[in-house]
1. Anyone know which of Lys167, Lys72, Lys103 comes out most mobile in the 10 Å Cα GNM of the chain?
2. As I understand it, the value is the acute angle between the Cα axis of helix 86-100 and the longest principal axis of the Cα atoms of the chain; what does it come to in degrees, rounded to 10?
3. Specify the angular offset, from 0 to 90 degrees and rounded to the nearest 10, of the alpha carbon long axis of helix 54-68 from the longest principal axis of the alpha carbons in the chain.
4. Counting other C-beta atoms within 10 Å, which of Met111, Met42 has the fewest, and how do the rest follow?
5. For the residues Tyr140, Tyr47, what sequence is obtained by ranking on other C-beta atoms within 10 Å, fewest first?
6. When a/c reaches 1.5 or more, the comparison of a/b and b/c decides; with that in mind, is region 8-185 rounded, prolate or oblate per its Cα gyration tensor?
7. Can you compute the modelled spin-label distance between Thr90 and Ser131, with each label point 7 Å from Cα toward Cβ, in nm?
8. Rounding to the nearest 10 and keeping the result within 0 to 90°, find how far the Cα-based axis of helix 70-80 lies from the longest principal axis of the chain.
Amino acid sequence: MGAASNYETSSTYVGGFVKALRAVGLLTPEVERRFAEPQRAMVASAYSRAWWPGDASEQLARAALEVHGAAKLEEAGLLTTRNSVGPIITPLISVIGAIFGLKPATLFERMGDLASTSVRGVAFAWTSTGSTSGTLRVEYPAGLGGTAVEPLWRGACRFVFDTARAKGEIVSSKVEGSVLLFSLRW
């Protein structure tokens, strides 16, 4: 499975991420000093374009991760998904729930559809390992993704558990270059 090379993040995602970084206290002067011009433009005017280059938005995450650590960045990932992406995908989640049942596995199986409003050029796969467990694979184009975005996807996984009203956990996560693997159970 290869990810497409047109990796981009939507303005809705970027705008929500900037708000979440501020809400969690991660958009500090020390973080902002690490931004190049593309990141400064994103922070100043996230909605000025429909889609942003994915590597540019990754730099926002990387700077926050380097200064503040993974736990705080995971919280920003959860807030971004809940407050900015969540309202957009709620109708789709309602339809999925009505047809297939609102279970974590059902939502993780459709992660590509759910994430399509936020990200392009990233591939998703769900492998069930039992009735209440499985592995989510998130694959970025070569040289992208990795440790900079892993905490953000941990936050997104927590959103899925919350949405499905399931007490879930991320058993483990592994970064293999541009591929993220999350072992999940509920």
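1. Checking each option, the largest mean-square fluctuation is seen for Lys167.
2. The angle comes out at about 10 degrees.
3. 80 degrees
4. Met111, Met42
5. If I rank by nearby Cβ atoms, fewest first, I get Tyr47, Tyr140.
6. prolate
7. If labels sit at Thr90 and Ser131, their model points lie 3.2 nm apart.
8. Tilt relative to the chain: about 80 degrees.
Quick note: the coordinates plus some simple rules give every number you see, no bench work behind them. Worth saying up front: this structure is predicted, and the values here are computed from it rather than measured. For neighbour counting, all protein chains shown are included, and Cβ atoms are generated from backbone atoms with ideal geometry for every residue, glycine included.
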